[in-house]
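What follows is a short report on a single structure.
The values are calculated or read from the model by the stated rules, or taken from the named source; none is laboratory data. All figures in this text were calculated on a predicted structure; none of them were measured in a lab. Because the Cβ atoms are built from the backbone with ideal geometry, glycine has one as well, and the counts that use them run over all protein chains shown.
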Amino acid sequence: MLHAVFHGKARTAGYLDDYALLGNSFLTLYQITKHPRWLNRAITLAGAIETHFSRPDGGFATAVQTPYLPLPPVADGDTPVPSGVSAAVRLLLRLTAITGNPDYAARALSAVRRMRGQLNAQPSAWAAMITAINRYPLPTAGKAIAHAPRPDTAGRLHAVMTTRALNGHDEIQIILRIDPGYHVNAHPATFDYLAPTTVAFTRLTPLAIHYPPPVPLRTAFAADTLAVYQGTVTVTAVFPAGVLSKQREIRATLTAQACTDQTCLPPAKIPLTLGPPPRPQTQDAPPSRHE
């Protein structure tokens, strides 16, 4: 993201608050409309925050270091507009509540720990962060550490299932977010010896499963271009009308293998579960989401 427009041109690398405030806005749109595009965009911005603003001490930098800004400014509190750090913590905690992914909570906890001294000394200066912590409680330290990102495929992929009943058919969408720097093989995979990304359902037979179009990628370990998925993608399974409303629980398994451009992690089977599906909606209605 860029920060400002000057003489008709966008310029200056975006600040932490640009990413975090926009990410929170996307989440609000998702909660109102239930359309997965807004959740996808919030998840993408959360990944970008981790990539561009994460600090070794567990906190967040307020700006990207550039030759013009060798020392990013230090966050010193919330004004009527939340600071980037507070907005980032709120974004992570809201994503935890919506997706159930404990990695977001663990990352938020690391940032709050880094700010603990300032929060205790000047709580009124950090009203936005304290409000977020009270609204979306942090996990215990032990739980957060236990669910820190793991060096395996399951720790690099984050999936959410949504359902919707349309005129003429039902759908299940699996929204898959792949950590920055990683990719998974497309479906079908480029070669037989590569593990494709697949989705299978328990006691449900879809009419069709639509996988997203792949993107080409060249890696250090393969001479040929590979067909992969990166960033956030959606797999859609189509079922006869009314089938999902009869299910008390929907279970699926996502099989994938996360790789960088140099190495691959072991493949993983990631279980996904949905509670009772929603009532039928019209064609233009947004999807309902279940965790």
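In table form, for the structure just shown:
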{"item": "Count of residues meeting criterion [among the aromatic types (F, W, Y), modelled with pLDDT of 90 or more and farther than 23 Å from T44 by Cβ] in the range 191-246", "result": "2"}
{"item": "Which listed residue, of T202, T197, is loosely packed, with under 14 Cβ neighbours inside 10 Å and touching a Ser or Thr at 6+ places or on another chain (Cβ under 9 Å)", "result": "T202"}
{"item": "Hits in the range 223-267 - residues which are closer than 18 Å to G100 by Cβ and buried (at least 18 other Cβ atoms within 10 Å of the Cβ)", "result": "T232, I250, A252, L254"}
{"item": "Count - residues of the range 1-40 that are in a helix (DSSP H, G or I), under 19 Å from V89 (Cα atoms), touching a Ser or Thr at 6+ places or on another chain (Cβ under 7 Å) and of a type outside the set (D, E, K, R)", "result": "2"}
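This table checks each residue for (1) touching an Asp or Glu at 6+ places or on another chain (Cβ under 8 Å); (2) in contact (Cβ under 8 Å) with a residue 40 or more places away in the chain; (3) surrounded by fewer than 18 Cβ atoms within 10 Å (Cβ to Cβ).
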site	(1), (2), (3)
M1	yes, yes, yes
A4	no, no, yes
R37	no, no, yes
A42	no, yes, no
